[in-house]
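Asks: Starting off with a structure, shown below.
The numbers here are math on the coordinates, done by the rules we state, and not lab data. Just so we're clear, the structure is a prediction, and the values are computed from it rather than from any experiment. Cβ coordinates were reconstructed from backbone atoms using ideal geometry, including for glycine residues, and neighbour counts include every protein chain displayed.
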């Protein structure tokens, strides 16, 4: 019994080592003013005053990270603040989750992006992104830049945004207020940085950032991930534990080739009229979306 307790204690300690929470509080070593240079944060813009630790509002504690200027960021300019967490991420995790409370007070002619970076850090393209603009949450499938999810959300309130990078199943799961809204491709092999971009007149706040290696999935998350598909003899087979509402198939050139309403957990689609090639499929469920690619050989 004592040995089992020691093993469990070691597991909890190891998990805690790879979990990190950031609320920009003084006890965490943050000071009011520009974030650049504080706790491994770096602003990659001459507009370093665009990103400041502030006491104007917070979702947790007294401080938060303010994004944007009181006027506006010049047209064609993107300002960003990133944090290097490469030393905090374990080697070859099964999954890695990043979350943040994000408040957008104005998105007129601008947007705020929550980004995760892989190899190359912020010098390379982000591997996963959740964008806030015009009262919407926009999730782009970065493997082909198609729109994965486009949701209307309220402005001037904190929203809890999360990205779960599943390295085992090669998927990225996107959450808004803890609801799974989209499952897409995994577009990175490691996690090195996260950060936030702002453009135009977008002004917002970020608080309560958390990162965690190998988080435990709850029952509802596992249910939503229970999905399979395969092709055989000019048919596409879809099977899910959740009821599917609709399916749309796109050629990789962006052309929509199939659109159908669904109302079951088990579907077979005839695809004999499709030309041989690679296709992107987008499935709609009751409260989330999922996309995948399939190769049609004819």
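Asks: Let me make sure I get this right: for the range 226-296, a, b and c are the square roots of the gyration tensor eigenvalues over alpha carbons, sorted descending. Under 1.5 in a/c it's rounded, otherwise prolate if a/b > b/c, else oblate. Which is it?
Replies: prolate
Asks: May I ask you to sort 24, 44 by Cβ crowding, counting other Cβ atoms within 10 Å and putting the fewest first?
Replies: Arranged by neighbour count, lowest to highest, 24, 44 become 44, 24.
Asks: Would you mind calculating the gained length between residue 125 and residue 265 on full extension (0.36 nm times residue separation, minus the Cα-Cα distance), in nm to one decimal?
Replies: Length difference between fully extended and current span is 46.8 nm.
Asks: What is the spin-label model distance, in nm, from residue 88 to residue 295 if the labels are put 7 Å beyond Cα along the C-beta direction?
Replies: My value for the distance between the label points is 3.9 nm.
Asks: Could you work out the percent of alpha carbon pairs in the range 155-269 separated by over 18 Å, rounded to a whole number?
Replies: 66
Asks: For the chain, with a Gaussian network of springs between Cα atoms less than 10 Å apart, report the residue from 283, 238, 67 with the top mean-square fluctuation.
Replies: Answer for the Gaussian network model of the chain: 238.
Asks: Counting only C-alpha contacts under 8 Å and six or more residues apart, can you give the relative contact order of the chain as a whole percent?
Replies: 19
Asks: Once both labels are modelled 7 Å past Cα along the beta-carbon direction, what's the residue 134-residue 190 spacing in nm?
Replies: Between residue 134 and residue 190, the label points sit 3.8 nm apart.
Asks: Additional query: Using a simple spin-label model with points 7 Å from Cα along the Cα→Cβ vector, what separation in nm is obtained for residue 170 and residue 229?
Replies: Here the answer is 1.4 nm between the modelled labels.
Asks: What are the semi-axes of the equivalent ellipsoid of the chain, taken as the square roots of 5 times the eigenvalues of the Cα gyration tensor, listed largest first and rounded to whole Å?
Replies: They are 35, 25, 17 Å, listed largest first.
Asks: Calculate how steeply helix 2-17 sits against the longest principal axis of the alpha-carbon atoms of the chain, using the helix alpha-carbon long axis, and give the answer as 0 to 90 degrees to the nearest 10.
Replies: 80
Asks: Please report, to one decimal in angstroms, the Kirkwood hydrodynamic radius of the range 95-195 built from all distinct Cα-Cα pairs.
Replies: 13.7
Asks: Residue 179 to residue 39: extension gain in nm, 0.36 nm per residue of separation minus the Cα-Cα distance?
Replies: Additional length available on full extension: 47.4 nm.
Asks: So what is the calculated 222 nm ellipticity per residue for the chain, using -39500 (n - 2.57) for each DSSP H run with n of 4 or more, over all residues, to the nearest 500 deg cm²/dmol?
Replies: Helix contribution divided over all residues of the chain: -2000 deg cm²/dmol.
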